[in-house]
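The values are calculated or read from the model by the stated rules, or taken from the named source; none is laboratory data. Note that the coordinates shown come from a computational prediction; the quantities given were computed from them, not determined experimentally. Here the Cβ positions follow ideal geometry from the backbone for every residue, glycine too, while neighbour counts run over all protein chains shown.
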Amino acid sequence: MNAATPQPPSIKEKTKPVTTLLRILALLVVVGITVGAFLLRDQLGKFAAFGYPGVFLIVLISYATILVPVPGLAIVFAMSGALNPLGLALAAAAGATLGELSGYLAGYSGRAAIENWKRYEKITAWVRRYGGPAILVLAAIPNPFFDLVGIASGVLKIPMQKFILWVLPGQIIKMLFIAYAGSLSLGWIFK
């Protein structure tokens, strides 16, 4: 073919607008969940009456917010007096893991607005260098910056399945600690 003959668009060029649209849509969903959870944060406690599924939903919603605190761990701690701590921890960890996908999707949808923030840069370097083990350790520690781990994982295009497989055990460790701490301390206080 000579230079004057137009070339058909490549598959990558054809899918670029679709990918961009999906990324924008994912970011809008994440923002919507964050705003909704923040506005309804006082109503979340009512789900606790539904037991393990209620805890799952509360924690899912609270962890789906990005950089906006919603008291999911406080609900797990409080519910440990009424529910089996192991079952409570597993329900909460499953909800937290799925909720963390909002940060992952925000990062996957494009460069984050916070990418010049020092903590984000440090967390991104840890995730880039240590991968899954860094995600697991940071998920196991109760900290307000895990959203940045999800964002960094999405930006680094860590496969979603791999992200979930490293987040879940970390969340189980954290939720077991919170549930048993609540169970033991509430039992001690009310005896």
So Ser80, is it at pLDDT below 85, hydroxyl-bearing (Ser, Thr, Tyr), buried (at least 22 other Cβ atoms within 10 Å of the Cβ) and closer than 25 Å to Tyr180 by Cβ: yes
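Looking at this structure, is Thr124 over 23 Å from Leu176 (Cα atoms), of a type in the set (S, T, N, Q), at pLDDT 85 or above and in contact with a helix residue (DSSP H, G or I) (Cβ under 9 Å, 6 or more places away or on another chain)?
Numbers: over 23 Å from Leu176 (Cα atoms): yes; of a type in the set (S, T, N, Q): yes; at pLDDT 85 or above: yes; in contact with a helix residue (DSSP H, G or I) (Cβ under 9 Å, 6 or more places away or on another chain): yes.
Considered against the rule, which asks whether it is over 23 Å from Leu176 (Cα atoms), of a type in the set (S, T, N, Q), at pLDDT 85 or above and in contact with a helix residue (DSSP H, G or I) (Cβ under 9 Å, 6 or more places away or on another chain), Thr124 comes out as yes.
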Consider Arg41 carefully, then state whether it is surrounded by 15 or more Cβ atoms within 10 Å (Cβ to Cβ) and either under 17 Å from the mean Cα position of the chain (by Cα) or modelled with pLDDT under 85 (or both). yes
Number of the exception - Gly170 against (1) touching a residue at least 60 places away in the same chain (Cβ under 8 Å); (2) surrounded by 17 or more Cβ atoms within 10 Å (Cβ to Cβ): (1)
Near pairs, Cβ below 9 angstrom, 6+ apart or cross-chain, from segment 50-75 (within 10 Å of Gly99 (Cα to Cα) and assigned to a helix (DSSP H, G or I)) to any residue that is of a type in the set (Ser, Thr, Tyr) and at pLDDT below 80: Ala64/Thr34
Give the number of residues within segment 161-191 that are among the aromatic types (Phe, Trp, Tyr) and either in a loop (DSSP other than H, G, I, E, B) or under 14 Å from the mean Cα position of the chain (by Cα) (or both). 3
Can you tell me how many residues in segment 122-160 are part of a helix (DSSP H, G or I) and surrounded by 14 or more Cβ atoms within 10 Å (Cβ to Cβ)? 24
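Conditions tested, residue by residue: (1) closer than 20 Å to Gly170 by Cα; (2) modelled with pLDDT under 75; (3) in contact with a Pro (Cβ under 7 Å, 6 or more places away or on another chain).
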| residue | (1), (2), (3) |
| --- | --- |
| Ala48 | no, yes, no |
| Gly51 | no, no, no |
| Phe56 | yes, no, no |
| Leu101 | yes, no, no |
| Ala106 | no, no, no |
